[in-house]
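Written out below as structure tokens is the structure these notes cover.
The values are calculated or read from the model by the stated rules, or taken from the named source; none is laboratory data. In this text, all values refer to a predicted model and were calculated from it rather than measured experimentally. Note: ideal-geometry Cβ built from the backbone for every residue, glycine included; neighbour counts use all protein chains shown.
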Ligand SMILES: Nc1ncnc2c1ncn2[C@@H]1O[C@H](COP(=O)(O)OP(=O)(O)O)[C@@H](O)[C@H]1O
Ligand code: SF4
Ligand SMILES: [Mg+2]
């Protein structure tokens, strides 16, 4: 029996910037499959390359960055070789992007209803009446009440949480098969954050939409995702099921990210725990493995070589010599 084709298949995805200070590679040879209906997290500290990975998947890498890939297949179609017009149409109907700051994606001068229906009007031949009905349904999907009134309002009349819901509703208009949500809850307070996460979970459950949820906070990802991709200095260093987190088998960086999640009962007057050291400058990477200077298990080899991301079982990939080629006598507590 052959396995079902993944919804998204990313091979060799790399983004480079040629800067005056030299070339940096903030997204470095990403290889991953997303199955239909999965919710996958992408986690890493600020600057690890999460947003650029999302933008690269959507073919939106900002100038002067350039993208290379062996292929990038969505529903089996390689979008790196599609003509511009076909690509715009295909991504417009198959993929939705949701960003941290909805205000930057919403037009302050247009009513929410107009913005909600705009993309669909361009993409499909649908009557005005039908469009309105769809907009009301999508507003209901994200639990915006009094939707008739809300559609006639402008973005500034919405609260931050409402704007994020409106963005999600907008993303849902064309029934995408993939939603990429980049830190969608980061700017919101904890209660609203939980509500937005619930909305995403419900969309996944009821509409079967595949979701890639990007966050610097592994706590948020553990709450909703079934799998997590952990990113460090442009590379995926671990790809693991959430149920297999917090074991001695995890990447040392993943372990450190989990240790830095504040406990529910933590004293708010105390400083938040953080990972010792700081992420490397991409234009001044240490020799060997980028994580080596911060790794508490580091050994000689890590200072000279970068471990490849290797599969250690059917659902687990990891880039750490200690796990894939441990030196004699090596142990981890
Ligand atoms: N427009 C840009 N020009 C030059 N370098 C960039 C640009 N955008 C991102 N980068 C580089 O890529 C790195 C990763 O960025 P990003 O993907 O936004 O990280 P994250 O979302 O994980 O915080 C940044 O630290 C920066 O060095
Ligand atoms: S390869 Fe070395 S530096 Fe990298 S995570 Fe493993 S032990 Fe640490
Ligand atoms: Mg980001």
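Number of residues in the range 28-59 that are within 16 Å of ligand 2 (Cβ to nearest atom) and surrounded by fewer than 19 Cβ atoms within 10 Å (Cβ to Cβ) equals 1. Cβ-Cβ contacts under 7 Å between residues 6 or more apart (or on different chains), taken from a first residue in the range 136-161 that is without any contact (Cβ under 8 Å) to a residue 60 or more places away in the chain to a second residue that is surrounded by fewer than 15 Cβ atoms within 10 Å (Cβ to Cβ), are listed as 147/140; 154/108; 155/108; 156/108. Of all the listed residues (202, 118), the sole one being assigned to a helix (DSSP H, G or I), touching a residue at least 24 places away in the same chain (Cβ under 8 Å) and more than 23 Å from residue 44 (Cα to Cα) is 202. Restricting attention to the range 301-308, does a residue exist that is in a loop (DSSP other than H, G, I, E, B), away from ligand 3 (no atom under 16 Å from the Cβ) and farther than 27 Å from residue 23 by Cβ? No, the range 301-308 contains no residue that is in a loop (DSSP other than H, G, I, E, B), away from ligand 3 (no atom under 16 Å from the Cβ) and farther than 27 Å from residue 23 by Cβ. Looking across the range 100-115, the residues that are modelled with pLDDT of 90 or more and in a loop (DSSP other than H, G, I, E, B) come down to 106, 107, 108, 109, 110, 111.
The strands (runs of 3 or more DSSP E) located wholly in the range 11-97 that include 3 or more residues which are touching a helix residue (DSSP H, G or I) at 6+ places or on another chain (Cβ under 6 Å) occupy 22-34, 39-43.
If only residues of the range 169-198 that are in contact with a helix residue (DSSP H, G or I) (Cβ under 6 Å, 6 or more places away or on another chain) and assigned to a helix (DSSP H, G or I) are counted, the one that is surrounded by the fewest Cβ atoms within 10 Å (Cβ to Cβ) is 192.
Scan the range 143-168 for residues that are surrounded by fewer than 17 Cβ atoms within 10 Å (Cβ to Cβ) and within 29 Å of residue 52 (Cβ to Cβ) and the total you get is 1. Residue check: is residue 132 part of a helix (DSSP H, G or I) and either touching a residue at least 60 places away in the same chain (Cβ under 8 Å) or closer than 18 Å to residue 197 by Cβ (or both)? For residue 132, the condition - part of a helix (DSSP H, G or I) and either touching a residue at least 60 places away in the same chain (Cβ under 8 Å) or closer than 18 Å to residue 197 by Cβ (or both) - is not met. Filtered by the rule that a residue be touching a helix residue (DSSP H, G or I) at 6+ places or on another chain (Cβ under 6 Å) and within 15 Å of ligand 1 (Cβ to nearest atom), the range 232-260 gives 232, 237, 257. If you check 294, 332, 301, 278 for being within 10 Å of ligand 2 (Cβ to nearest atom), over 23 Å from residue 31 (Cα atoms) and at pLDDT below 90, only one passes: 332.
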